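See below for the structure under consideration.
The values are calculated or read from the model by the stated rules, or taken from the named source; none is laboratory data. Computed from a prediction, not measured in an experiment: that's the story for all the values here. Positions of Cβ are backbone-derived with ideal geometry, glycine not excepted, and every protein chain shown enters the neighbour counts. We work out accessible area using only protein heavy atoms, side chains counted, and drop any ligands, DNA or RNA first. Shrake-Rupley method; radii C 1.70, N 1.55, O 1.52, S 1.80 Å.
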Amino acid sequence: MEFERFELNEGDTGYPIQIADGYEKLPVIYGVGNREILQQPMLAIIGARRATPYGIDLAYQAGRLAAQAGITVVSGGAMGCDHAASRGALEAGGTSVIVSGIGADLVYPKSSEDIFSWVPRTGGAVIALESWGQYVRRYAFPKRNRLIAALATSLLVTEAGKHSGTMTTADAAMRMGRNIYAYPGSVYSATSRGTNYLIANGAELILDAADLASRLSLDFGVHFNQNEVKLPRRGEILSALVANPYSARELASKITSTPLTIIDTLTMYEEEGYIVRMLDGRYTVTARGFHAIGTKE
């Protein structure tokens, strides 16, 4: 299927005027899909490319939540958290904008081909600052990150290393005065050092899906049906494994349960796809496992 191609200059119909906060001279924007979507308020959801199941699930659920309230999700279309955010929005019937680091008529990375083709079919757009047919050039990605920040009303970081493209996007968003949210992560996880750093330096800490819904309600003036903001049940073993991977022996020293019960539970969770055993014998939570995690008072 062929989609509309467009080139937008300052003053053209559909040009995203909100990006004036980030540019002295407004750039030409190349796009495929619905140019009008660029004038809508957007939530940027970004994170690590080589993300853990934790970060991927947070991005996916945030994308779905935004879509439920009619908020357009903007991401970089990269593997990992970006892909999960756009996919979550699209699967919930929402819209997404992908800001590509190459020509808007190309796909990068190939692993994201599904969302690159899906986004324009559902009223969104793939856009870029690079001209048609331009393939990967390293210097283009910082430019891409700046545009993501400029387009966003608010920006959510689900998982990120301390020195990463995600952090350059967050830094640009802070300088533009955007609302910055971040999910905390384990102090032992390299892919959470960036988000924890953001929280320590003024980003809004997001506790759970209900907390994110509250923040979005304030920033975007939308209403959420709290019955739809579900917090799934959490087991004690899954809760422990979220904080850090553990072996069965290590879990036995932390959980008030018999070793046999712990082993049986680990076996059951592994068969159901909630956890996976790593090469060193420790267990960690999978993306499916995070769907079974919520809060337990």
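Here are the criteria: (1) touching a residue at least 60 places away in the same chain (Cβ under 8 Å); (2) under 16 Å from V32 (Cβ atoms). Tell me which single one Q134 does not satisfy.
Answer for Q134: the failing condition is (1).
For residues that are open to solvent by 30 Å² or more (accessible area, probe 1.4 Å), more than 19 Å from A209 (Cα to Cα) and either aliphatic (A, V, I, L, M) or modelled with pLDDT under 95 (or both), tally how many sit in the stretch 74-106.
Looking only at that region, the number is 2.
Taking I148, is it free of Cβ contacts under 8 Å to residues at least 60 places away in the same chain and either touching a Pro at 6+ places or on another chain (Cβ under 6 Å) or among the β-branched types (V, I, T) (or both)?
Numbers: free of Cβ contacts under 8 Å to residues at least 60 places away in the same chain: no; either touching a Pro at 6+ places or on another chain (Cβ under 6 Å) or among the β-branched types (V, I, T) (or both): yes.
Against the criterion (free of Cβ contacts under 8 Å to residues at least 60 places away in the same chain and either touching a Pro at 6+ places or on another chain (Cβ under 6 Å) or among the β-branched types (V, I, T) (or both)), I148 does not qualify.
Out of curiosity, is I71 at pLDDT 95 or above and touching a helix residue (DSSP H, G or I) at 6+ places or on another chain (Cβ under 6 Å)? Let's see the steps before the verdict.
Working: at pLDDT 95 or above: yes; touching a helix residue (DSSP H, G or I) at 6+ places or on another chain (Cβ under 6 Å): yes.
Yes; evaluated as a whole, the condition is true for this residue.
Take the residues in the stretch 199-216 that are free of Cβ contacts under 8 Å to residues at least 12 places away in the same chain and in a helix (DSSP H, G or I), then tell me which one is least open to solvent (accessible area, probe 1.4 Å). Let's see the steps before the verdict.
At the first step, the residues of the stretch 199-216 found to be free of Cβ contacts under 8 Å to residues at least 12 places away in the same chain are 200-201, 207, 211, 214.
Add one more test, that the residue is in a helix (DSSP H, G or I), and what stays is 200, 211, 214.
Details: A200: 83, D211: 29, S214: 59 Å².
Per the criteria, the residue is D211.
Given the structure, is D21 among the charged types (D, E, K, R) and within 19 Å of N179 (Cβ to Cβ)?
Details: among the charged types (D, E, K, R): yes; within 19 Å of N179 (Cβ to Cβ): yes.
Criteria met by D21.
In this structure, is L90 in a helix (DSSP H, G or I) and in contact (Cβ under 8 Å) with a residue 40 or more places away in the chain? Before you say what the answer is, go through the steps one by one.
Values: in a helix (DSSP H, G or I): yes; in contact (Cβ under 8 Å) with a residue 40 or more places away in the chain: no.
Taking the combined requirement at face value, the residue does not satisfy it.
Filter the stretch 245-285 for residues that are assigned to a loop (DSSP other than H, G, I, E, B) and acidic (D, E); which is modelled with the lowest pLDDT?
Only one residue fits best here, namely E272.
Take S131 and decide whether it is assigned to a helix (DSSP H, G or I) and either of a type outside the set (A, V, I, L, M, F, W, C) or surrounded by 16 or more Cβ atoms within 10 Å (Cβ to Cβ) (or both).
Details: assigned to a helix (DSSP H, G or I): no; either of a type outside the set (A, V, I, L, M, F, W, C) or surrounded by 16 or more Cβ atoms within 10 Å (Cβ to Cβ) (or both): yes.
Here the answer is no, as S131 does not meet what is asked.
State the number of residues belonging to the stretch 149-198 that are of a type outside the set (A, V, I, L, M) and assigned to a helix (DSSP H, G or I). Lay out the reasoning, then the answer.
Our first condition is that a residue be of a type outside the set (A, V, I, L, M); within the stretch 149-198, this holds for 153-154, 158-159, 161-166, 168-169, 171, 175, 177-179, 181, 183-186, 188-189, 191-197.
Filter again for assigned to a helix (DSSP H, G or I), leaving 165-166, 168-169, 171, 175, 191-197.
Of the residues in that region, 13 qualify.
Taking the stretch 113-128, which residues are of a type outside the set (D, E, K, R) and open to solvent by 10 Å² or more (accessible area, probe 1.4 Å)? Quick ask: steps written out before the conclusion?
Residues of the stretch 113-128 that are of a type outside the set (D, E, K, R), as a first pass: 115-120, 122-128.
Result: F116, S117, W118, P120, T122, G123.
Quick test of your reading of the structure: D219 fulfils all but one of (1) closer than 30 Å to E24 by Cα; (2) in contact (Cβ under 8 Å) with a residue 24 or more places away in the chain; (3) touching a Pro at 6+ places or on another chain (Cβ under 8 Å). Name the failing condition by number.
Failing condition for D219: (3).
Residue under question is P120, and the condition is that it be of a type outside the set (G, A, S) and under 30 Å from Y188 (Cβ atoms); does it hold? Show your work before the answer.
On the way: of a type outside the set (G, A, S): yes; under 30 Å from Y188 (Cβ atoms): no.
Here the answer is no, as P120 does not meet what is asked.
Count, please, the residues in the stretch 135-167 that happen to be surrounded by fewer than 18 Cβ atoms within 10 Å (Cβ to Cβ) and not hydrophobic (A, V, I, L, M, F, W, C).
Summing the residues that are surrounded by fewer than 18 Cβ atoms within 10 Å (Cβ to Cβ) and not hydrophobic (A, V, I, L, M, F, W, C) in the stretch 135-167 gives 8.
Can you find even one residue in the stretch 175-189 that is hydrophobic (A, V, I, L, M, F, W, C) and surrounded by 21 or more Cβ atoms within 10 Å (Cβ to Cβ)? Break it down into steps so the answer makes sense when it comes.
Within the stretch 175-189, the subset hydrophobic (A, V, I, L, M, F, W, C) is 176, 180, 182, 187.
Going one step further and asking which of them are surrounded by 21 or more Cβ atoms within 10 Å (Cβ to Cβ), we end up with 180, 182.
Yes.
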